[in-house]
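The values are calculated or read from the model by the stated rules, or taken from the named source; none is laboratory data. Just so it is clear, the model here is predicted, and its values are computed rather than measured. In this analysis, Cβ positions are derived from the backbone assuming ideal geometry, glycine residues included, and neighbour counts consider all displayed protein chains.
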Amino acid sequence: MNGLLLGRIQGIPIRVNWSVAVIAALLASSLASTVFPSVIEGRSDGAYWVTAIVTTVAFLASIAAHEYGHALVALRHSVRVESITLWIFGGVAQLGDQPTSPLAALRIAAAGPVVSAAIGVSSVLASAGLSGLPGAATLWLGTMNLLLMGFNLLPAFPLDGGRIYQAWLWRRDGDEVAATVRAARLGRGIGAGLVGLGVVQVAFGGFIGGIWSMAIGWFIREAARIEHIGSITAQPLHEILVSDLMSPDPITVDADLPVETFVKDLLRHGRHSGYPVMRDQEIVGLITLADVPRSTPGTTVGDLAIPIAQIPVIAPDATVSELVRVAANRAVTRTLVMDDGQLVGIVASSDLSRLLGVLELQAAHRH
Ligand SMILES: [Zn+2]
């Protein structure tokens, strides 16, 4: 993750992502125009703005302190720390290696929430002795740090709570990979739950809150998926299941949809470059971005789709070595994952080549 280098503490570069500027501006303006005027009335605009800017900077510093907590404990356990980056969802301490014991993993994961709790509790206590804007600002800062702690303690890998859960499973069962796979699965589930919650919020009028829940849920889901793929590569191909590698619940496209509408929809939520095509509740083919230039006015998605007979299909409980056999040397670069005639996922050849690439690297390191 790249970003502007702010400086180094004990050799650890601290960076900020551009997204932080956007969040900081939104936060400062909502504090100055809404939050502080509603609790402390009758101050000048200048006083609200100065307080808001100081509070925003202090909040960003407390996120950095949370990450720095992880980094310090990691260093104590001889785990290299490459950098700390602040970005839109908080911060990330990028570790250079994996902790070598469950206890080290647990301490590193818990250090951030401990720092947030300390800042939160001491700020809330300090605010009791302050009045006016400084009191309101300190109370807000304390509350936000306690919320930050609570959010990070969600057992949704790769959030801190999920890492603590992973370390606990690892210690209990002695199997690091299995612990990561289980924690990552729970993380994906919680991520999906948050996306669902966001949809409900939006439906009931909580637009901004809903979009936030959806974005955070999506982020957790994707991050858990990447960690998951990273951890399963420690296993040989015949032990990895297709269900671990696939993108679950792919977005499908109706065969009768005009290609123009399909392209327009893609601009809004198209994250992939291949989509299964449905007609009468059945999968009839697959459309990829590469097919779209062949369209003429009036063409439907069904006209351009690659027919189902030409697409490799596999079951979710098949192994990745079987997937390699099924998908190898096929012109179509995506394999549909079907369970009892139901589409449950899709595997792109890029998923497979990423996995194979990591396995090759691992093999190279072992020799
Ligand atoms: Zn953390």
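Is one or more of the residues making up region 66-80 more than 12 Å from the ligand (Cβ to nearest atom), under 14 Å from Ile12 (Cβ atoms) and in a strand (DSSP E or B)? Spell out how you get there, then give the answer.
The first filter runs over region 66-80 and keeps only residues more than 12 Å from the ligand (Cβ to nearest atom), leaving 72, 75-80.
Now narrow it down to the ones that are under 14 Å from Ile12 (Cβ atoms): 72, 75-76, 79-80.
Now drop any that are not in a strand (DSSP E or B), which leaves none.
For region 66-80, residues more than 12 Å from the ligand (Cβ to nearest atom), under 14 Å from Ile12 (Cβ atoms) and in a strand (DSSP E or B): absent.
Take Leu27 and tell me if it is away from the ligand (no atom under 16 Å from the Cβ) and under 13 Å from Ala137 (Cβ atoms).
Working: away from the ligand (no atom under 16 Å from the Cβ): yes; under 13 Å from Ala137 (Cβ atoms): yes.
Against the criterion (away from the ligand (no atom under 16 Å from the Cβ) and under 13 Å from Ala137 (Cβ atoms)), Leu27 qualifies.
Exactly one condition in (1) assigned by TED's automatic domain parsing to the domain that holds Ile23; (2) surrounded by 15 or more Cβ atoms within 10 Å (Cβ to Cβ); (3) modelled with pLDDT of 85 or more is false for Val253; which is it?
In the conditions (1) assigned by TED's automatic domain parsing to the domain that holds Ile23; (2) surrounded by 15 or more Cβ atoms within 10 Å (Cβ to Cβ); (3) modelled with pLDDT of 85 or more, Val253 misses (1) alone.
Looking only at region 183-227, how many residues end up being touching a residue at least 12 places away in the same chain (Cβ under 8 Å) and over 16 Å from Pro248 (Cβ atoms)?
So the answer is 14.
Quick one: is Arg80 of a type in the set (Lys, Arg) and either without any contact (Cβ under 8 Å) to a residue 24 or more places away in the chain or buried (at least 22 other Cβ atoms within 10 Å of the Cβ) (or both)? Walk me through it before giving the result.
On the way: of a type in the set (Lys, Arg): yes; either without any contact (Cβ under 8 Å) to a residue 24 or more places away in the chain or buried (at least 22 other Cβ atoms within 10 Å of the Cβ) (or both): yes.
Yes; evaluated as a whole, the condition is true for this residue.
Could you list, ordered by first residue, the pairs with Cβ atoms under 6 Å in which the first is in region 152-164 and over 14 Å from Val114 (Cα atoms) and the second is of a type in the set (Ser, Thr, Tyr) and surrounded by 21 or more Cβ atoms within 10 Å (Cβ to Cβ), at least 6 apart or interchain?
Pro155/Tyr165
Working only within region 104-123, note down all residues that are among the polar types (S, T, N, Q) and within 12 Å of the ligand (Cβ to nearest atom).
If we filter region 104-123 for residues that are among the polar types (S, T, N, Q), which is where we start, we get 116, 122-123.
Matches in region 104-123: Ser116 only.
For region 112-170, which positions are aliphatic (A, V, I, L, M) and within 19 Å of the chain's Cα centre (by Cα)? Spell out the reasoning first.
The initial filter retains those residues of region 112-170 that are aliphatic (A, V, I, L, M), namely 114-115, 117-119, 121, 124-126, 128, 130, 133, 136-137, 139, 141, 144, 146-149, 153-154, 156, 159, 164, 167, 169.
Result: Leu147, Leu148, Met149, Leu153, Leu154, Ala156, Leu159, Ile164.
Looking at region 83-103, I want the residues that are more than 15 Å from the ligand (Cβ to nearest atom) and have a partner that is assigned to a strand (DSSP E or B) with Cβ atoms under 6 Å, at least 6 apart or on another chain. Which pairs are those?
Filtered contacts from region 83-103: Gly96/Glu82.
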